[in-house]
Every structure is written in C-alpha cells, then in structure tokens.
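Chemist: I have a structure I would like to understand better, so I am pasting it below and will then ask my questions one at a time.
A short reminder: the numbers here are calculations on the coordinates, not readings from a lab. As the structure is a computational prediction, the values presented were derived from the model and not from experiment. Here the Cβ positions follow ideal geometry from the backbone for every residue, glycine too, while neighbour counts run over all protein chains shown.
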Amino acid sequence: MFEKGPYISFSNCGLPYYIGGLVENRDKLFLSDPASLAARYNINARTSCEVFSIDRAAKSLVVKDLTQNQDVEQHYDKLILCPGATAIVPPILGARAANVFTLKTVPDADAILSWLRHLPDAASGKNRVVVVGAGFIGLEAAEQLFRGGADVTVVEKTDQVLPVFDRDMAAFVSNNLVSKGVNVVLDDGVEEVFTEKLGQSEVAKEIKLTSGKALPCDLVILSIGVRPETQLASECGLQLSPTKGIIVDEYCRTSDPNIYACGDATDIVNLVTGNRQQFALAGPANRMGRVAGSNAASTDHATFRGALGTCIVECLGVAAGMTGITEKACKRDGIPYNVAVVHQQHHTGVYPGANMMHIKTLSDSSTGRLLGAQIVGGPHGVDKRIDVFATALHARMTVDDVEELDLAYAPQFASAKDPVHMAAFVAANQHAGLVNEMPLPDVLARIASVPQSDRPSQFQLLDVRGKDEWGRDGVPDVPGCSWIHVPVNSLRAYLDSTKCSLDPRKETYVLCQSGLRSYLAARVLVGRGFTTVWNVRGGFMMVPGEKRRAEVDG
C-alpha cells in the first residue's frame, strides 16, 4: 500500500471538529497506522510514497519515496486505485496566501490551528473568518469557528447553502445560520483576495466579491468542492467519464480487468436514475473498498451496484439529510415527479423535547416509486428517517409500500404515525389524485402573470389557519387579491352561511401553516363543487423567517 501523504486511515470528516476543539485529542483522528496494519493484516503500508506512473503492459509502478527522494519499481498482479479527490483552489489572485486554507487533510487542520493560535483573541477584537463555499465541510467549519468566537461570513456562489439540496429545503438551514449570527452571502463569488506582506509571507486581508462587496478577513477557508484525482488513471489509459471520474463496473473493475478502483475518484451508478456520477462520500467509498479488496484478492464475486448519495450534516443545532434525487434533478433529467411536504415532530408531542422536522419527498408521478427525500430540522430524529427512506429507495419501494412500513414506536422515540408514514400518506394522496398542490412561490408567480385588474375575477385566496396565526405571521401581500380567513373547523358552516363570498368557479388557493388543514379544506371545497382547487404545498412554514411577507409584483 502506497500513500503520498504522511498518514493513513484518518477521519477527514472529523477535521472541522478538531479545528473547533470538539475533538481535543489529535490522535483520535487516526484510525490506524502502518505498524498496526502490518501486525494485524500483514499489510506493508508505506507513507510519503507517491506513485508516478503505471505500466499496464508490464504490470508495474514507478514509486517515489518522498523522504528518501528515490524512485523504486513495484510489480503487481492486481492493482487497486483509491487516490480520492483533491480540494479545489480557484485560479484567482491571492488564493495561495498564507492564511487561505483548504480543509481536506490532517496537515490542513494543523495549519489552520497554527494560524488561529497566532491571531488576536476576542479581547482585542473578534477574528474575522470567511468561509468560501456552503457545502458540508464549509458549514461544519463555519459552525466550529463561530462557536469558538469568530465573526464568520459564509460566501456561496449559488443562490442557496447546501447546493446538493433543493433550495426550499436549504432555506431552513441558511435562515438558522442568520438567526444565530453567522453572516451568509449567497449568489456571489470571490473575484480576488487582496493581500499584504507579513514577514516573508503574503497574507489575505480582504476578499473582493463579484458583486463588488469587500469582506475583511483574518482567515479564509476554501470549501468549494473537490476534484477526482485521476491523473494516474488517465495517463495509463484507463477509461474516464466526461466528468473525469474513473469508470468502474459492479465489481469495482476499471477498463483494465487487472486494475480496480474505489472511492471519490470513481464514477458510479446512481441507483435511482441509473446514470453515472461521482459521490464524494465516506459511506460508498468504504463499501467500495471492501468490494475492490475482496475481488482483487480472490475472484470477482463481491458487487457494488451503486449509491443513493445519502448524506447528513448538522450546523448550529439544525440537521439536514438527504437521499436519492432532488426536485431540481428531476427537472434537469426530465423525470415526471410529485412532491410531498410535511412538518412533523421527531417524537410525539406529549413527551417533552420534541424537535420539528421538515420533510420533502419526491416520487414518480406515473408509478408512485419513491425517488428521493430531504429532511431539515431536529437535529434529533433526522438521521433515523433519512436512513429509512434510503432503505426504501434501495428496495425500489413505492409510496404505498412506505405507508405500510412497520416502524418502532414509543413516545420518546416517535409517533404512532411516524413522520416517515406521514410523508408517505401525503405522497400517496397525491398519487391517487386526491389533491392538487402548488408551492407558494408558484402560486404567487401564477397570480402575477395575470394583470392586476383581472385578478379578483379569476383568483380567490383562502387562509384556514386560526386567528392567532393570522395576527402572528400575517399573509403574503398579493395586489389585486384579498385573503379570506376562515378557520378550517368553521369552513362547512361558512359555506352554508349567507356570509360566504367564495365562488366555486374561481381558481382557489388554500393556505394553512403546514399544509394539513389546507388539504382538508381543499377536499371539502372539491366535495362542494369547486372546480379548480389548489392546496398550497407545505403551507406557510415553507417560507422561512424574514421572507414570510412575500409580495407579488403589481
């Protein structure tokens, strides 16, 4: 085994918690070392040894011992490539300054901690940290540095944090960050890092964004993604995907039957779509390692069929997990889909300490097959439900199948109708055609497409929340349309009264806090002969925090 770096088998997922002090003992980062591998498995692991070339015909490698600065030749019968991925550093001025870091390896973490120790402490002014990139590592690093007292700004080039999620779900995470005191800059990239001389080094002092905004900084962490390390594979002629990942089959074999590959450098099958993509995740990498090792040492018997992209992150008390594909992926790939949104506590409300979870599922609108799930909230309970959805996806279950899952219940763990069941119930109702649903932004866009003078005759808006909710949260301002407020329990009586102003011929949009009461109201209206009724999907809770008073252009 050859490793270019100084360490083998370390917890790179634990690095943000090491720089934040949550992991106090550096040695805890290391899961194994060359001596233990040799003693337990008779594996000869060599660190600081870089493989420079592969001769497939001769089945040999050229390896440079970086400590001795000498080349050696190594022959093989079977070869396994697991080079991983490298952190991306953008080609901009100042990106290589002494206080600009990536966070991918233990030396990276050591360098960040060393710099932090030499910065002014809180007594002389908060240290200003800019985290570029709002993916998993970026948010984890931002959280840990923020908890340590730094003034943290997160900059993300796209219009949302956690770009792998759908924007409506990621909004819960960014809203939580802002409410806790983290500065979040979205839809803005880094154009240049301004530096000044400090001793023999260039040090970043200010970051200029594409918008022209300037951010002063004492420390910068780049977390804009990773790139598969496939130069060796490319140079020796192995087949790569268009995105430069090493293509492997179900046995983790490359295009050369004597060479296997696994981990972040590979292109593997998405089990939902059947398409190939890269999953830079620890779970698939570890399982692929087991398959590649078993097959290289024996015969090709173990298989790895692909992955779902199941992942989870926690940041400042909010967990975000996902599995399968997202709504934007469905739109991109032309997959017909339904969306279901529910808001559920992670265990029954009668038992103290219940956390709210926001759950979004995608299902095939033709077959009802589950396609993906995203959950934000908690943090307790998110991991359990994402794992249930991942299992359902792996089994290619429909939403009707998920409805029937027999899940554990006690008040401190769940509800008798688990949040997974509730999500499946809503999805199954949609698949059965019991309700039409539309997210609030689409409702507002639909109304905005009609001249304001024509809106009163075409649309009516019904809010079925209680009076206390109307006063507390308000409603979106829609010029040309007024909201009719009727609590759901009073709706039947209202429809029978002389005060009723609802017109069965108009497009009717029904809103509540979570989407449940509005669903019930929509069913009542359809039963009363209303021809075009839409439930506002997910209710008012899908409009986070400061954006709740949305407006339609006049």
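Chemist: Identify the residues of segment 238-272 with backbone N under 14 Å of a label point that sits 7 angstrom from the Cα of residue 43 along the Cα-to-Cβ direction, or state none.
Modeler: Residues 262-263 fall inside that zone.
Chemist: What whole-number distance in Å separates the alpha-carbon centres of segment 280-333 and segment 495-537?
Modeler: Between the Cα centres of segment 280-333 and segment 495-537 lies a distance of 43 Å.
Chemist: Also, quick follow-up: For the chain, what does the relative contact order come out to in percent, with C-alpha contacts under 8 Å and a separation of six or more? Could the numbers behind the result be given before it?
Modeler: Numbers: 1146 pairs, mean separation 52.6, N = 554.
Normalised by residue count, the contact order of the chain is 9 percent.
Chemist: Same structure again: If the limit is 29 Å between Cα atoms, which of 59/244; 244/360; 64/197; 157/244 go over it?
Modeler: Beyond 29 Å between Cα atoms: 244/360; 64/197.
Chemist: Fully extended, how many nm does the chain gain between residue 206 and residue 159 (0.36 nm per residue separation, minus their Cα-Cα distance)?
Modeler: Here the segment from residue 206 to residue 159 would lengthen by 14.7 nm.
Chemist: List, largest first, the extents of the alpha carbons of segment 433-554 along their principal axes, each in whole Å.
Modeler: 35, 31, 30
Chemist: I'd like the FRET efficiency for residue 406 and residue 494, computed as 1/(1 + (r/R0)^6) with the beta carbon distance as r and R0 of 41 Å, rounded to 0.05.
Modeler: Numbers: r = 41 Å, r/R0 = 0.99.
Efficiency, rounded to the nearest 0.05: 0.50.
Chemist: In straight Cα distance, which aspartates and glutamates are under 20 Å from residue 208, not counting same-chain residues fewer than 8 positions off?
Modeler: Reachable aspartates and glutamates: 151, 156, 159, 187, 188, 191, 192, 196, 218.
Chemist: Find the centroid of the Cα atoms in segment 26-68 and in segment 415-443, then give the distance between the two in whole Å.
Modeler: The two parts, judged by their Cα centres, are 52 Å apart.
Chemist: On to the next question. Taking neighbour counts of Cβ atoms within 10 Å as a proxy for exposure, in what order, fewest first, do 401, 55 appear?
Modeler: Details: 401 16, 55 12.
By the 10 Å Cβ count, ascending, the order reads 55, 401.
Chemist: Looking at [x] 51, 30, 28; [y] 48, 30, 21; [z] 88, 52, 20, which value of semi-axes √(5λ) of the Cα gyration tensor in Å comes from a calculation on the structure shown?
Modeler: [y]
Chemist: Once you have the Cα-Cα distance between residue 4 and residue 178, take 0.36 nm times their residue separation minus that, and quote the gain in nm to one decimal.
Modeler: Details: separation 174, 0.36 × 174 = 62.64 nm, distance 3.99 nm.
The residue 4-residue 178 span can extend by a further 58.6 nm.
Chemist: For segment 206-307, what does the alpha-carbon gyration tensor say about shape, rounded, prolate or oblate, given a ≥ b ≥ c as the root eigenvalues, a/c under 1.5 as rounded, and a/b over b/c as prolate? Intermediate values should be presented prior to the final figure.
Modeler: Working: a/c = 2.66, a/b = 2.41, b/c = 1.10.
Prolate, because a/c is 1.5 or more and a/b exceeds b/c.
Chemist: With label points built 7 Å along Cα→Cβ from the Cα atoms of residue 71 and residue 425, find their separation and express it in nm.
Modeler: If labels sit at residue 71 and residue 425, their model points lie 6.9 nm apart.
Chemist: Give me the distance in nm between label points sitting 7 Å out from Cα along the Cα-to-Cβ direction at residue 436 and residue 113, one decimal.
Modeler: 6.0
Chemist: So, one more: In debye to the nearest 20, how big a dipole does segment 1-101 give about its Cα centre with +1 on each Lys and Arg Cβ and -1 on each Asp and Glu Cβ?
Modeler: Dipole size: approximately 180 debye.
Chemist: As an exercise, use a Förster radius of 45 Å and the Cβ-Cβ distance of residue 89 and residue 449 to find the FRET efficiency, rounded to the nearest 0.05.
Modeler: Numbers: r = 44 Å, r/R0 = 0.98.
In this case the efficiency is close to 0.55.
Chemist: Same structure again: To the nearest 10 degrees, how steep is helix 282-297 against the longest Cα principal axis of the chain, on a 0 to 90 scale?
Modeler: Roughly 40 degrees between the two axes.
Chemist: Using a ≥ b ≥ c from the Cα gyration tensor of segment 387-466 (square roots of the eigenvalues), is it rounded, prolate or oblate, where a/c under 1.5 gives rounded and otherwise the larger of a/b and b/c decides, a/b for prolate?
Modeler: Details: a/c = 3.44, a/b = 2.32, b/c = 1.48.
Prolate shape, in that a/c is at least 1.5 and a/b is the bigger ratio.
Chemist: Based on DSSP H runs of at least 4 residues, each adding -39500 (n - 2.57), what is the mean residue ellipticity at 222 nm of the chain after dividing by all its residues, to the nearest 500 deg cm²/dmol?
Modeler: Details: 16 runs with 148 residues, N = 554.
Per the formula, -7500 deg cm²/dmol.
Chemist: Aspartates and glutamates within cross-link reach of residue 328: Cα-Cα under 12 Å, excluding same-chain residues under 8 positions apart?
Modeler: The qualifying aspartates and glutamates are 166, 168.
Chemist: At 7 Å along Cα-to-Cβ for each site, give me the label-to-label distance between residue 477 and residue 55 in nm.
Modeler: Distance between label points: 7.6 nm.
Chemist: Rounded, prolate or oblate, given the Cα gyration tensor of segment 150-268, with a/c below 1.5 counting as rounded? Don't skip to the answer; put the middle values down first.
Modeler: Working: a/c = 3.26, a/b = 1.71, b/c = 1.91.
Because a/c hits 1.5 or more and a/b fails to exceed b/c, segment 150-268 counts as oblate.
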